[in-house]
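No lab work stands behind these numbers, since they all come straight from the coordinates. Since this is a predicted model, take the numbers as computed values, not measurements. Glycine also receives a Cβ, built like all others from the backbone with ideal geometry; neighbour counts cover every protein chain displayed.
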Amino acid sequence: MTTALKRTTPEETVIAVVDDLVQDWGLDLDGGIGAATRVVADLQFASVDIIQLCVALEQTYERKFGFQDLLMKDGSYVGDLTLAQFAQFVQSRLAGA
């Protein structure tokens with residue numbers, strides 16, 4: 001993990017990674033991207049975009065997080081997640097390291 005990354009919270013990192021992913025998408029987000037932003041409803045992520053986000057976060061932190069535990073519940077995919085939920089999941093995995 002880089003020194004700069006150690007100074008940011010998982011929430012700030014998730015938001016920065018998402019902002020980087022969608023910067024050329026031309027989305028019209030009134031309040032910008034924040035913790036309450038939903039990846040499907042607000043950012044219009046398709047499944048491939050969610051996978052790209054997960055990979056980008058794992059590359060950023062230089063570790064595997066097992067995002068399947070976040071993305072699936074009882075054998076079904078979760079309908080939508082907020083960036084705060086991604087950040088909380090990352091934080092929980094970092095704390096368990």
Separation of the Asp80 and Gln68 label points, Cα + 7 Å toward Cβ, nm: 2.7 nm
Over the chain: helical MRE at 222 nm, DSSP H runs n ≥ 4 each giving -39500 (n - 2.57), nearest 500: -14500 deg cm²/dmol
Qualifying chymotrypsin sites (Phe, Trp or Tyr not before Pro) for the chain [loop in DSSP, other Cβ within 10 Å: at most 15]: Trp25
Cut-off of 10 Å, at most 10 other beta carbons, DSSP loop: longest stretch of the chain lacking such trypsin sites (Lys or Arg not before Pro): 8-63
Per-q log10 I(q)/I(0), region 1-69, q = 0.23, 0.25 Å⁻¹ (Debye; single scatterer per alpha-carbon; no solvent): -1.13, -1.27
Karplus-derived 3J(HN,Hα), 6.51/-1.76/1.60, for each residue of region 57-65, Hz, glycine and proline x: 5, 5, 5, 4, 8, 6, 7, 8, 10
Net dipole in debye of the chain [+1 Lys, Arg Cβ; -1 Asp, Glu Cβ; about Cα centre; nearest 20]: 500 debye
